[in-house]
């Protein structure tokens, strides 16, 4: 650790040469994102919901097309006068016959009910598509954060192992010097404590790496944890997020969650109009045609008829009005939910910007800390070898350098994670 400068420290932290992962597949961030979008069940579920919403659009638009129904009847009447007996005010169809025919109806107008229902279903389908995009964004953010956490864990483990090796070499040297009466057994004890402390650091780092790989595997849609050799992700240019108004505007225009609620609100408005129009008349063109190969002598062999049918609801106990009010209130609720989400988005963008700027400052500070800790360690080691300082001073210098290296690793990957978070909050993650 004596000759480690800033460049060497950064290279050390970025190294991922772990002996137990030499056979693990290599994985870069772009590939990880593609795997997650392909395999993650949440993405598949969101896509299915979006496709189902498209079918609802077809259901609503079906009202514009003709409806054809095939009928078949076989009737046996007890007498020729059965049609005028009790059982109905008018029942002229009770004759002996076996007949089949087709009835066709075509909507002429329902004064906007079907049009608004179809438009509402289109907006709802767009909302579901936006929800699917929002799910993809959340999965991508989860993959990015877990990927950077795994890189961070690898870097910390590299530092821990290097620290353990350095302290073990120092323990061997001090033990040799103590056997030659050049150092005291106290120095040997302090050096042994340092080695054991570094061993604890290695064990914790190995566990943290296994946990990070487990989380990464889950975010990729894998049920079982898998090890990977991760490709280092370079830092982007050190540009602070200072155009906060532009970021907020981008978020309000691009966040799929916001777009989804806007479309859901418009769908609710159209549904409310459709429910209002349910009290208006419906005019249809209807036609029937068919034949009766077996029938009563008083019936013809074939039949056909066409006409215009008016359907006007008069009274339903307040049902239509209640449906309209329900839909209107739900539309108002969607409007308030949209306003609440927009407020949250503005807050989240501000927080993401602050966190990213702070992460850059932390990274700059930790790099300066590495320089100072390296100089302090070199000086303490030289003083100890000359016999002008104690093992305690050297141990403190070692600890300070190790802490600085770990802090730099944390800060480096925090910058990457905060960049991904800002991209997610502004709706530009992809």
Given 306, 327, 289, which one is part of a helix (DSSP H, G or I) and either in contact with a strand residue (DSSP E or B) (Cβ under 8 Å, 6 or more places away or on another chain) or surrounded by 12 or more Cβ atoms within 10 Å (Cβ to Cβ) (or both)?
327
Please find, among 223, 262, 255, the residue that is surrounded by 21 or more Cβ atoms within 10 Å (Cβ to Cβ) and under 29 Å from residue 133 (Cβ atoms).
255
Answer yes if at least one residue in the stretch 195-203 is surrounded by fewer than 17 Cβ atoms within 10 Å (Cβ to Cβ), in contact with a helix residue (DSSP H, G or I) (Cβ under 7 Å, 6 or more places away or on another chain), free of Cβ contacts under 8 Å to residues at least 24 places away in the same chain and in a helix (DSSP H, G or I), and no otherwise.
no
Pick from the stretch 226-252 the residues that are more than 30 Å from residue 124 (Cβ to Cβ) and surrounded by 18 or more Cβ atoms within 10 Å (Cβ to Cβ): which of them is modelled with the lowest pLDDT?
241
Would you confirm whether or not the stretch 398-413 contains a residue that is under 23 Å from the mean Cα position of the chain (by Cα) and at pLDDT 95 or above?
yes
Looking only at the stretch 205-226, count every residue that is more than 22 Å from residue 140 (Cβ to Cβ) and touching a residue at least 40 places away in the same chain (Cβ under 8 Å) and tell me the total.
4
Would you mind telling me which numbered condition in (1) within 25 Å of the chain's Cα centre (by Cα); (2) not in a helix (DSSP H, G or I) residue 421 fails?
(2)
From the set of residues in the stretch 152-184 that are touching a helix residue (DSSP H, G or I) at 6+ places or on another chain (Cβ under 9 Å), part of a loop (DSSP other than H, G, I, E, B) and loosely packed, with under 15 Cβ neighbours inside 10 Å, which is modelled with the lowest pLDDT?
182
Segments classed as helices (runs of 4 or more DSSP H), wholly inside the stretch 1-108, with at least 1 members that are more than 30 Å from residue 146 (Cβ to Cβ), within 31 Å of the chain's Cα centre (by Cα) and modelled with pLDDT of 90 or more:
41-61
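The values are calculated or read from the model by the stated rules, or taken from the named source; none is laboratory data. Fair warning: this is a prediction, and the values are worked out from it, not measured in the lab. Note: ideal-geometry Cβ built from the backbone for every residue, glycine included; neighbour counts use all protein chains shown.
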